[in-house]
Amino acid sequence: MKIIECKLAHYEVPLKTVFKTALHAQDKANGWIVRLKSDQNHEGYGEAIPSLRVTGDSDASIFGVLTKVIFPAIVQHDFENIGKFDDFVSKLLIGNTAAKNAVSQAALDLIIKDRQTSLQHFFGSPKTHITTDYTLSINDESSMAAQAEKLIRAGFSTLKIKLGDSPIQEEVAKLQQLAKAFPKVVFRVDANQAWNIAKSRQFDQLAAAANLPIACIEQPLPVGYEDGYADLTSSSHFPIILDESIHDFNDARKLRPGIDFTGYNVKLEKTAGISQAKALLDYSESLDLPIMVGCMIESNIGIAFAAAMASSYANVRFIDLDSALMFQTEIFKGWLTDEANGYRFNEQFVANDALKELPWQ
């Protein structure tokens, strides 16, 4: 696969509701789409999402790194496979995982199209559809209950609950109200680094005493406090999934599986692309760890790669790929089409008008 052209475009689209976590709030999706062209005249697409609080990537850094460093290095270069491509890009500069992820996705997209196969079949996924949870942003009880009702009517059976801005007793009370109103729903709790050890233990004890239907608790402690997880994991009534603490394979291997964490959340925007994400998934599979595959606020372009990878690993127990469903309009399709509570894989890449009409530069 020889890359003969590199292009970049920015997009913004309103979200259906404000997305609020303990780290930030946003009312619109904001991303960058990379388009690479091969010598076989195919176009490959990938996505980069700025996230200063998680990956350190900004709009300015994504634009600068791609146009000034990565694009000039890869254009007119021939790559045998995605592993060699990712290795080449990783040696160009450190960090900047969102930008690296975008070209990794686009390069794999080119490889798939040049081979005349599909994204789903490339990863060997047996599924044609994939379901996801849906995230309830931090809000008051009545607003969360109203949104939950809409989602359940749409077919969602698992809700991811963002917590972290209220006293623990109030957080548990929110979940009790939701559990009472919707007794068949399962919760995945995400604190986004908002608690300390004492608050984490308090939540665990109160939630267990209330018999709340919690499937897992995600990243309760801030990054840098990983030494506190050993005590929490050993006594927790619920699986503890690390997110911001584990970006790539090197992060995972420094921690003790089953002691410092129960599982972890694999996000392509954190791993810097396909190869590192696959390394994390392979490692988790070898240890038989329960894994979450998650996302930033990104479109179907980026979600497609995570969905295909998630559906090809049996130990991926938590799929959190709801962001494209939060868009007011489905601006891109690509390898996925939105469905009521998830996505359908497309056998061929769908380049709709919105993708064609982006301001490419």
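The values are calculated or read from the model by the stated rules, or taken from the named source; none is laboratory data. Just so you know, these numbers come straight off a predicted model, no measurement behind them. Neighbour counts are summed over all protein chains in view; Cβ atoms, including those assigned to glycine, are modelled from backbone coordinates with ideal geometry. Protein only, heavy atoms only, side chains kept; ligands, DNA and RNA dropped before computing areas. Shrake-Rupley method; radii C 1.70, N 1.55, O 1.52, S 1.80 Å.
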Of a type in the set (Asp, Glu), in a helix (DSSP H, G or I) and touching a Lys or Arg at 6+ places or on another chain (Cβ under 9 Å): which single residue out of ASP86, ASP109 fits that description?
ASP86
Is there a residue being of a type outside the set (Lys, Arg), within 22 Å of VAL18 (Cβ to Cβ) and open to solvent by 30 Å² or more (accessible area, probe 1.4 Å) anywhere in region 124-136?
no
Please verify whether ASP243 is acidic (Asp, Glu), touching a residue at least 12 places away in the same chain (Cβ under 8 Å) and open to solvent by less than 10 Å² (accessible area, probe 1.4 Å), treating the condition exactly as stated.
yes
Quick test for you: out of VAL266, VAL185, VAL223, pick the one residue that is in contact with a helix residue (DSSP H, G or I) (Cβ under 7 Å, 6 or more places away or on another chain), within 25 Å of ASN96 (Cβ to Cβ) and not hydroxyl-bearing (Ser, Thr, Tyr).
VAL266
Taking only region 309-325 into account, find how many residues are under 23 Å from HIS121 (Cβ atoms) and either of a type in the set (A, V, I, L, M, F, W, C) or open to solvent by 20 Å² or more (accessible area, probe 1.4 Å) (or both).
9
Condition test on ARG344, is it open to solvent by 30 Å² or more (accessible area, probe 1.4 Å), modelled with pLDDT of 95 or more and touching a Pro at 6+ places or on another chain (Cβ under 6 Å)?
no
Considering only strands (runs of 3 or more DSSP E) wholly within region 250-361, the ones with at least 1 residues that are under 20 Å from HIS10 (Cβ atoms) and more than 12 Å from the chain's Cα centre (by Cα) are 334-339
Among what's in region 137-180 and is among the acidic types (Asp, Glu) and surrounded by 14 or more Cβ atoms within 10 Å (Cβ to Cβ), pick the residue that is modelled with the highest pLDDT.
GLU171
Among the numbered criteria (1) surrounded by fewer than 17 Cβ atoms within 10 Å (Cβ to Cβ); (2) over 23 Å from MET309 (Cβ atoms); (3) not aromatic (Phe, Trp, Tyr), which single criterion is violated by LEU221?
(1)
What's the number of the only condition in (1) closer than 19 Å to HIS42 by Cβ; (2) open to solvent by less than 50 Å² (accessible area, probe 1.4 Å); (3) touching a strand residue (DSSP E or B) at 6+ places or on another chain (Cβ under 7 Å) that SER299 fails to meet?
(1)
Subset of region 16-59 [loosely packed, with under 15 Cβ neighbours inside 10 Å, among the small types (Gly, Ala, Ser) and not in a strand (DSSP E or B)]:
GLY56, SER58
Please specify each residue of region 207-228 satisfying the condition of being within 21 Å of LEU281 (Cβ to Cβ) and of a type outside the set (A, V, I, L, M, F, W, C).
GLU218, GLN219, GLU226
The residue that is most open to solvent (accessible area, probe 1.4 Å), considering only those in region 195-218 that are assigned to a loop (DSSP other than H, G, I, E, B) and closer than 15 Å to LYS160 by Cβ, is PRO213
Is it the case that some residue within region 181-191 is within 23 Å of LEU325 (Cβ to Cβ), in contact with a Lys or Arg (Cβ under 7 Å, 6 or more places away or on another chain) and either among the small types (Gly, Ala, Ser) or open to solvent by less than 60 Å² (accessible area, probe 1.4 Å) (or both)?
yes
